[in-house]
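Reviewing the structure listed below.
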Amino acid sequence: MKAAVFQTHTASGWFNGLLGVVIFSGSLPATRIAVGAMDPFFLTFLRASIAGLLALALIVIFRERRPTSGQIFPLLVVSLGVVVGFPLLTAMALRYVTAAHSIVFLGLLPLSTAIFGVLRGRERPHPAFWIFSLLGSLLVAGFALSQNASASLTGDLLMLAAVVVCGLGYAEGATLTRQLGGWQVISWALILSLPIMLLATLLTLPANPGAITGQAWLALGYVSLFSMLIGFIFWYKGLAEGGIAAVGQLQLLQPFLGLALSALLLHEAVNPLMMLVTLGVIFCVIGSKKFAR
């Protein structure tokens, strides 16, 4: 009976995690569209403000209890990692590199998440897990190098920093989800940063907001509602149920979903090799799942 319950719980975690990855895969292409017409700082602060106001409404409507004093610091880590750090660093990076080039850095995100899952979530995957995780990351990185996409040291360093802070925010949020719940964690993280984000939005308000294109506003709407709030509801629930290190490997698929969207929405070139590498990545995800616990 316990084994059946565990398997059901794990299956639910992988399903929710996959939904989160699908939603997140549109983040960088949408950000690329938005930064074409908005300052990256203004975009980061405004998207967090919009999501924060929505999160505050949810907390009030459902009368959720406040986090304890011991949960405030982990929530601040989540906020700095996924509410401020990752969006700001990626928005800045996308001024130097294409969305297709930046997305491949997300291949390192599962490894970052797994490492922080061990450090913060106290998980202990089987040694074989690290082989599959590293192999998957190398496949994505190798694919990136084969593309000859426009590269920039500044853009690459910004994306690398984004991967580190995001991995920490994912692991910390997943650990808290077991105590507070998935949507509650991201909501409180957004609310904690809301006063600063609102002030920063006003300080970075462009002189002529009317000059921002309708396409850029739609992209802002996506990253505010889906990337900053809805995606995390599924993602944190998936990580908490299926394991941070294990479900985190689903992020290996995110670059290829994102590349497909970049080709569709931004008409950026995508190498046919992508399909072959994607199959290899899927194999690594399956292997990681088998040895995650």
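Just so you know, all these numbers are worked out from the coordinates, no wet-lab data involved. Note that the structure is predicted; figures quoted are calculated from it, not measured. Cβ coordinates were reconstructed from backbone atoms using ideal geometry, including for glycine residues, and neighbour counts include every protein chain displayed.
General observations
- Förster radius 45 Å - calculated FRET efficiency between L134 and L53, Cβ distance, rounded to 0.05: 0.65
- The calculated FRET efficiency for the pair L279 and V22, based on their C-beta separation and a Förster distance of 25 Å, comes to about 0.85.
- Rounded to the nearest 20, the Cβ-based charge dipole of the chain about its Cα centre (Lys and Arg +1, Asp and Glu -1) stands at 760 debye.
- Projecting label points 7 angstrom from Cα along Cα→Cβ for Q179 and L76 puts them 1.4 nm apart.
- Computed over the alpha-carbon pairs of the range 15-121, the distance histogram in 10 Å steps reads 12, 36, 37, 14, 1 percent, short to long.
- Sorting the segments 190-201, 87-98 by their mean number of nearby beta carbons within 10 angstrom, highest to lowest, gives 87-98, 190-201.
- Using the Cβ-Cβ distance between I61 and I286 with R0 set to 35 Å, the FRET efficiency works out to roughly 0.30.
- For the chain, a Gaussian network of Cα nodes joined below 10 Å ranks A207, A37, A189 by mean-square fluctuation, and the top entry is A207.
- Entry note, the range 214-293: relative contact order of 33 percent, from Cα contacts under 8 Å with a spacing of 6+ residues.
- Listed residues I23, I131, I244, most fluctuating in the chain (Gaussian network, C-alpha, under 10 Å): I131
- Label-to-label distance, V118 versus S146, with points set 7 angstrom from Cα along the beta-carbon direction: 2.8 nm.
- Normalised contact order of the range 113-217, rounded percent, pairs of Cα under 8 Å and 6 or more residues apart: 37
- Take the Cα of T68, step 7 Å toward its Cβ, do the same at T213, and the gap between the two points is 5.1 nm.
- Legend: helices of the chain (whole DSSP H runs) are marked when their alpha-carbon atoms reach 18 angstrom or more along the helix axis and their mean Kyte-Doolittle hydropathy is at least -1.0; marked are 2-24, 40-61, 127-146, 153-180, 182-203, 273-290.
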